[in-house]
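The values are calculated or read from the model by the stated rules, or taken from the named source; none is laboratory data. Here the structure is a predicted model, which means the values were calculated and not measured. We place every Cβ from the backbone using ideal geometry, glycine too, and count neighbours over all the protein chains shown. The protein model used for the area step is the full one, side chains on, heavy atoms only, and it has no ligands, DNA or RNA in it. Shrake-Rupley method; radii C 1.70, N 1.55, O 1.52, S 1.80 Å.
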Amino acid sequence: MPKVVIISGSPNPISRLNGLTDYAEAKLQGLGWEVSSLHVASLPAEDLILARWDSPAIKDANKQITDADAVIVASPVYKASFTGVLKTYLDLLPQTGLEGKVVLPLFIGGTIAHLLTIDYALKPVLSALYARHVSAGVYAVDSQIKKTEAGGLQLDEELVQRLDGAVASFAEATELFASLRTPSQP
């Protein structure tokens, strides 16, 4: 069973970004995957800001990534980039922290104008962390995720279709890489 960690870079625990991450999590759990979440805003602020590589919280977070087969990197877009708290955490991953892992970006922003944030802001950082297979990500606009009166989140149909395709490709790539790492049995 593949393991995936969802790294959420949202500083807001009730962000519309949760609509994307919750949907991906449910789809992957439906495939029998083990899914865990890492909300970087819940890590000790001093450890992040002071780059405490040896902090128990940072070591535990990094171990989660090390033990995973795949990683979802999720963030709202602020000022044409992903959040600073996400960047601060990514800076604390070991240089080869994403080597051998499939990565799926899930981003959300207020306007379609920041659609290329995944390509121009995130991918260079992922590349520096040795991520060699970054699946086609999903960029959503806030208006595609509605807050319901019951406190839930409702994704529009077009977004659901794009998420289904992205998660399916991500799962396929992860399973392919896992099979290549595992010697075949006679």
Problem set entry | Flag for ALA41 being at pLDDT 95 or above, more than 22 Å from GLY152 (Cα to Cα) and not polar (S, T, N, Q) | no
For this session: Give me the pairs, please: first residue somewhere in the range 9-27 and in contact (Cβ under 8 Å) with a residue 12 or more places away in the chain and outside any helix (DSSP H, G or I), second residue anywhere and open to solvent by less than 30 Å² (accessible area, probe 1.4 Å) and not β-branched (Val, Ile, Thr), beta-carbon distance under 7 Å, and either six or more positions apart or on two chains.
Result: GLY9/ALA74; GLY9/SER75; GLY9/PHE82; GLY9/LEU86; SER10/LEU17; SER10/SER75; SER10/PRO76; SER15/PRO76
Exercise. Can you tell me how many residues in the range 28-47 are more than 16 Å from the chain's Cα centre (by Cα) and in a helix (DSSP H, G or I)?
Worked result: 4
Exercise. Pick from the range 96-105 the residues that are farther than 14 Å from VAL40 by Cβ and modelled with pLDDT of 95 or more: which of them is most open to solvent (accessible area, probe 1.4 Å)?
Worked result: GLU99
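So, ASP142, is that one within 15 Å of LEU17 (Cα to Cα), acidic (Asp, Glu) and out of contact with any helix residue (DSSP H, G or I) (no Cβ under 6 Å at 6 or more places or on another chain) or not? Walk me through it before giving the result.
On the way: within 15 Å of LEU17 (Cα to Cα): yes; acidic (Asp, Glu): yes; out of contact with any helix residue (DSSP H, G or I) (no Cβ under 6 Å at 6 or more places or on another chain): yes.
Answer is yes for this residue.
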Problem set entry | Counted residues, the range 48-62 - those being assigned to a helix (DSSP H, G or I) and without any contact (Cβ under 8 Å) to a residue 24 or more places away in the chain | 4
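Only one residue in LEU122, LEU163, LEU129, LEU153 is open to solvent by less than 30 Å² (accessible area, probe 1.4 Å) and touching a Gly at 6+ places or on another chain (Cβ under 6 Å), so which one is that?
Working: LEU122 fails: touching a Gly at 6+ places or on another chain (Cβ under 6 Å); LEU163 fails: touching a Gly at 6+ places or on another chain (Cβ under 6 Å); LEU153 fails: open to solvent by less than 30 Å² (accessible area, probe 1.4 Å).
Exactly one of LEU122, LEU163, LEU129, LEU153 is open to solvent by less than 30 Å² (accessible area, probe 1.4 Å) and touching a Gly at 6+ places or on another chain (Cβ under 6 Å), namely LEU129.
Could you tell me whether LYS87 is of a type in the set (Lys, Arg), more than 16 Å from VAL138 (Cβ to Cβ) and either buried (at least 19 other Cβ atoms within 10 Å of the Cβ) or at pLDDT below 95 (or both)? Spell out how you get there, then give the answer.
Details: of a type in the set (Lys, Arg): yes; more than 16 Å from VAL138 (Cβ to Cβ): yes; either buried (at least 19 other Cβ atoms within 10 Å of the Cβ) or at pLDDT below 95 (or both): no.
For LYS87, the condition - of a type in the set (Lys, Arg), more than 16 Å from VAL138 (Cβ to Cβ) and either buried (at least 19 other Cβ atoms within 10 Å of the Cβ) or at pLDDT below 95 (or both) - is not met.
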Exercise. Do you know which residues across the range 2-18 are in contact with a helix residue (DSSP H, G or I) (Cβ under 9 Å, 6 or more places away or on another chain) and open to solvent by 40 Å² or more (accessible area, probe 1.4 Å)?
Worked result: LYS3, PRO11, ASN12, PRO13, ARG16
For this session: Take the range 63-80 and flag every residue that is in contact (Cβ under 8 Å) with a residue 24 or more places away in the chain, within 23 Å of LYS101 (Cα to Cα) and surrounded by fewer than 18 Cβ atoms within 10 Å (Cβ to Cβ).
Result: GLN64, THR66, ASP67
For this session: Within the range 19-56, track down each residue that is surrounded by 20 or more Cβ atoms within 10 Å (Cβ to Cβ) and out of contact with any helix residue (DSSP H, G or I) (no Cβ under 8 Å at 6 or more places or on another chain).
Result: GLY19, THR21
